[in-house]
């Protein structure tokens, strides 16, 4: 591969990393062609993109970003590396990895989770995968926040409405008493 070809790949990977604030680095070494195709199909069905790159090209692309990914470069870029990209949801690639492993019968932990970059934060090691899969998406968090903000207003309206019925009943009873 010539220097110009490498530069084109690094530039396109840099752009892809900028466009996708959530990316996971995995190791699918030892997969057969059929297993790799099944993994790619699963990723495609879930809306996650999976690409394989050389570690040196990934490292150069990460250096071009504004955030500090040096821990990710040192800790995750060894051996075979593929990247899962997600634009919208931070936990989707983790869920895809866990679902694919479950479909395989849970016999092994492939593809291995090496590390992730989530909004400039770095997560390394297999033990973080379950934590990342349980993260709530931005939409889920906004939904919860809106629900919490609406709750006091709903309670107030409900109390006013129930009080109105009580107040009306009391006034009617008092009015009936005065007439007698």
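Run residue 61 past the list (1) more than 18 Å from the chain's Cα centre (by Cα); (2) surrounded by fewer than 16 Cβ atoms within 10 Å (Cβ to Cβ); (3) modelled with pLDDT of 90 or more and report the number of the one that doesn't hold.
Failed condition: (2).
Just the residues that are free of Cβ contacts under 8 Å to residues at least 40 places away in the same chain and either surrounded by 10 or more Cβ atoms within 10 Å (Cβ to Cβ) or within 14 Å of residue 95 (Cβ to Cβ) (or both), please, taken from the range 123-138.
Hits for the range 123-138 are 123, 126, 128, 129, 130, 131.
Here are some residues: 79, 105. Which one is at pLDDT below 90, at positive phi and touching a strand residue (DSSP E or B) at 6+ places or on another chain (Cβ under 7 Å)?
Result: 79 is the single residue among 79, 105 that is at pLDDT below 90, at positive phi and touching a strand residue (DSSP E or B) at 6+ places or on another chain (Cβ under 7 Å).
Listed here are the residues, each with its yes/no results for (1) assigned to a loop (DSSP other than H, G, I, E, B); (2) surrounded by 16 or more Cβ atoms within 10 Å (Cβ to Cβ).
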{"residue": "14", "(1), (2)": "no, yes"}
{"residue": "41", "(1), (2)": "no, no"}
{"residue": "45", "(1), (2)": "no, no"}
{"residue": "57", "(1), (2)": "no, yes"}
{"residue": "67", "(1), (2)": "yes, no"}
{"residue": "74", "(1), (2)": "no, no"}
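Here is a yes/no grid of residues against (1) over 24 Å from residue 70 (Cβ atoms); (2) surrounded by fewer than 19 Cβ atoms within 10 Å (Cβ to Cβ); (3) out of contact with any strand residue (DSSP E or B) (no Cβ under 9 Å at 6 or more places or on another chain):
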residue	(1), (2), (3)
83	no, no, no
90	no, no, no
93	no, no, no
96	yes, no, no
110	yes, yes, no
113	no, no, no
120	no, yes, yes
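Sort through 129, 135 and tell me the only one that's modelled with pLDDT of 75 or more, closer than 30 Å to residue 22 by Cα and part of a loop (DSSP other than H, G, I, E, B).
So the residue among 129, 135 that is modelled with pLDDT of 75 or more, closer than 30 Å to residue 22 by Cα and part of a loop (DSSP other than H, G, I, E, B) is 135.
Would you tally the residues in the range 29-39 being assigned to a helix (DSSP H, G or I) and more than 19 Å from the chain's Cα centre (by Cα)?
6
The values are calculated or read from the model by the stated rules, or taken from the named source; none is laboratory data. Keep in mind the model is a prediction, meaning the values are calculated, not measured. Cβ atoms come from the backbone with ideal geometry, glycine included; neighbour counts cover every protein chain shown.
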